[in-house]
Amino acid sequence: MHAISQGGRKRARIEIIPLIDIMFFLLASFMLVSMNLASAKSIKVDLPIAQTGDPENKPDTLSISIDATGGVFLDKSPIGRNELQSELRRRRALQPNLRVVISGDTDVHHGVMVAVLDRVRAAGIDTIAFSTRLDEQH
């Protein structure tokens, strides 16, 4: 605040320009964090390469990751394959429009991926996507 002299009295004035700058900075920071939130929900796996792909960054999306050893993770938390189906049923009851993105390491056996996909479908979830990375050479 700056004081302005006006006939012997000082009047306080609030500078609003720095306040606007701070608000824009906070807005930009929150937007960047929210865009990276979806990728932070899954563990790091070596994704297979695909020519096409569509980013799935919606708030009602669950991330299932399968590492090279066949370990299954639900939003970065390890979970057994048997518990996966019951947990997905529980979450689907809370969110009927639940989506699942499966991220599988390139070294995972096809049978493990199919078993996880089967458990997701058995839980009643129909909107399923597989995570890939784009081919940077093309």
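The values are calculated or read from the model by the stated rules, or taken from the named source; none is laboratory data. As the structure is a computational prediction, the values presented were derived from the model and not from experiment. For neighbour counting, all protein chains shown are included, and Cβ atoms are generated from backbone atoms with ideal geometry for every residue, glycine included.
Keeping to the stretch 66-84, report how many residues are in contact (Cβ under 8 Å) with a residue 24 or more places away in the chain and surrounded by fewer than 17 Cβ atoms within 10 Å (Cβ to Cβ). Even if it seems obvious, please write down each step before you answer.
Quick first cut of the stretch 66-84, residues in contact (Cβ under 8 Å) with a residue 24 or more places away in the chain only: 66-68, 70, 72-73, 75-76, 81, 84.
This time we only want the ones that are surrounded by fewer than 17 Cβ atoms within 10 Å (Cβ to Cβ), so: 68, 75-76, 81.
Selection size over the stretch 66-84: 4.
Before we move on, is Glu15 at pLDDT 85 or above and outside any strand (DSSP E or B)?
Taking the combined requirement at face value, the residue does not satisfy it.
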